[in-house]
Amino acid sequence: MVVKKIFGVVLLTFILMQSIVPCAAITQNKNTAISLDTAYDKAILATNQFDKIEKSLYKLTKPYGALEETHKMHKYDMKTEFNRLYDKMISGQFLQSYEQGELVMYYAVFKDSKIFENKTLKPVIYPDEFPNCDVWLQMMQLKINGETLRKGLIDGVRQLYDNLILINDSIALSEDYLKVMERELYGIEQKFKNGTASEIDFNKSRMDFQIKKLELNKQKRTKENLEFNLKKNLGLKLNTVLEIKPNEISQRELYIPSYDISLKNALLNRKEIAIPKMNKLAAQTRLPIIDKYLTYVPENEELQLTFKETVLSIDEFDNEIKVQEEFVRKDIDNIYAKISYNKKSVDIETRKYNESKKSYDKAKIQYQSGLISSTALDYSRLNCDASRLNYEKATRDLAYKISVLTAACGV
């Protein structure tokens, strides 16, 4: 009897993030249950990079009234921070110098958008004349670097976590499949000994069984590599036994945002565009100061050169903004193309899964009627399970691409 090939090996594409070396391994019990949210928190706690950014930020802003605080667990969003600081300003609360500087930087980004519509910083702040913009540029770069780091950690953990869920399910399915194949191999071996099955059928069955065992061993090695990388990212001891808690993909995670809204947000909030806008405003605030000095020393060649370079830098920042806008537009287009592909994959795997469930229901009726063997019924069940895994993988891939789109829409 020829062993039926009932499902394809679920292909996993592992994009293993270059791990950030943890500052110290976190002491854990040998058995550790990990949910996705817990994994995020541990990954953030396991790196000392946030501490370095916070210390640099505090050192930079301390002379301007900053308090030493750490918010490394929090998501940084420019629009949210702008609204918070703006509300604080219009309520009459005192703004430290660094808070005013941060508001000026947000003004540079949002001044021509609906976010800043019907708003003004005057008379509290005159952004076009605001001093120390170079300091505030450094401050904003540190804040943005922190958010970029946070996103990178979360993205890497999610990929590892999703792949571990899939490989665990694949291993369980392969082990179940091997039990059925072993039972069938024993039956064919008995028939071969009795002369009712050919040597070719027996060898074929034995070979298929060995191949499946090799596939299972390969899956287990893959799982070991994934767990190693996850433990490394979470700051866990390598002898920790991980218990991955599967997370259900909600319909909210599968909602595909509007292309127009996503592009609009990306063109406004992406750091590739926001930083040049901040630099442009900083250059514009320097010009009047340099020009004023030139009225006192008009023959000063160094000041004249600085003035010309500053004027040229404004044009360069304008060009950079245009170039980055085109880059961001292409990036969003590329992500949407991948989402469209993943959506089609989900539709295809959904149909296949529904068909396999119908086939399994039919096989159960045939088995009860004595038309097929228990082994054939098992293969039908396994085929249904394999289709389910392919469907779940396609769904996770789609949810991940949508999260990539959300991250690509800005800081």
Candidates 281, 242, filtered to the one that is closer than 27 Å to residue 101 by Cβ, outside any loop (DSSP other than H, G, I, E, B) and open to solvent by less than 100 Å² (accessible area, probe 1.4 Å): 281
Here are 220, 204: which of them is out of contact with any strand residue (DSSP E or B) (no Cβ under 7 Å at 6 or more places or on another chain), closer than 21 Å to residue 385 by Cβ and in a helix (DSSP H, G or I)? 220
For the stretch 117-140, give me each residue that is part of a helix (DSSP H, G or I) and open to solvent by 70 Å² or more (accessible area, probe 1.4 Å). 128, 129, 134, 138
Which of the residues that make up the stretch 307-324 are at pLDDT below 95 and among the basic types (Lys, Arg)? 308
Return the total of residues in the stretch 263-304 being under 30 Å from residue 333 (Cβ atoms) and charged (D, E, K, R). 6
Test residue 322 against the criterion of being among the basic types (Lys, Arg) and more than 28 Å from residue 169 (Cβ to Cβ), and give yes or no. yes
Checking residue 318 against (1) within 30 Å of residue 404 (Cα to Cα); (2) without any contact (Cβ under 8 Å) to a residue 24 or more places away in the chain; (3) in a helix (DSSP H, G or I), which single condition isn't satisfied? (2)
Considering only the stretch 245-269, state which residues are of a type in the set (S, T, N, Q), open to solvent by less than 60 Å² (accessible area, probe 1.4 Å) and under 30 Å from residue 167 (Cα atoms). 247, 250
Taking the condition among the acidic types (Asp, Glu), closer than 30 Å to residue 165 by Cβ, open to solvent by 50 Å² or more (accessible area, probe 1.4 Å) and out of contact with any His (no Cβ under 9 Å at 6 or more places or on another chain), does residue 112 pass? no
Restricting the first residue to the stretch 365-385 and requiring it to be closer than 22 Å to residue 351 by Cα, which pairs with a second residue that is in a helix (DSSP H, G or I) and of a type in the set (D, E, K, R) meet a Cβ separation below 7 Å and a spacing of at least six or different chains? 377/364; 382/176; 384/357
Restrict the check to the stretch 227-235 and report whether at least one residue is surrounded by 12 or more Cβ atoms within 10 Å (Cβ to Cβ) and on the phi > 0 side of the Ramachandran plot. yes
Which one is most open to solvent (accessible area, probe 1.4 Å) among residues in the stretch 90-109 that are on the phi < 0 side of the Ramachandran plot and not in a helix (DSSP H, G or I)? 94
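Would it be correct to say that residue 363 is crowded, with 20+ Cβ neighbours inside 10 Å and over 29 Å from residue 253 (Cβ atoms)?
The answer is yes for residue 363.
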Those residues of the stretch 284-308 which are open to solvent by 50 Å² or more (accessible area, probe 1.4 Å) and touching a residue at least 24 places away in the same chain (Cβ under 8 Å) amount to 284, 286, 288
What is the number of the single condition among (1) at pLDDT 95 or above; (2) closer than 30 Å to residue 77 by Cβ; (3) within 18 Å of the chain's Cα centre (by Cα) that residue 410 does not meet? (1)
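In this structure, does residue 339 turn out to be open to solvent by less than 80 Å² (accessible area, probe 1.4 Å) and outside any helix (DSSP H, G or I)?
Here the answer is no, as residue 339 does not meet what is asked.
Quick grid of which residues meet (1) open to solvent by less than 20 Å² (accessible area, probe 1.4 Å); (2) in a helix (DSSP H, G or I); (3) over 30 Å from residue 271 (Cβ atoms):
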{"position": "345", "(1), (2), (3)": "no, yes, yes"}
{"position": "350", "(1), (2), (3)": "no, yes, yes"}
{"position": "353", "(1), (2), (3)": "no, yes, yes"}
{"position": "377", "(1), (2), (3)": "no, yes, yes"}
{"position": "381", "(1), (2), (3)": "no, yes, yes"}
{"position": "394", "(1), (2), (3)": "yes, yes, yes"}
{"position": "398", "(1), (2), (3)": "yes, yes, no"}
{"position": "402", "(1), (2), (3)": "yes, yes, no"}
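The values are calculated or read from the model by the stated rules, or taken from the named source; none is laboratory data. Computed from a prediction, not measured in an experiment: that's the story for all the values here. Please note: Cβ atoms are built from the backbone with ideal geometry, for glycine as well, and neighbour counts cover all protein chains shown. Only protein heavy atoms, including side chains, enter the accessible area calculation; ligands, DNA and RNA are left aside. Shrake-Rupley method; radii C 1.70, N 1.55, O 1.52, S 1.80 Å.
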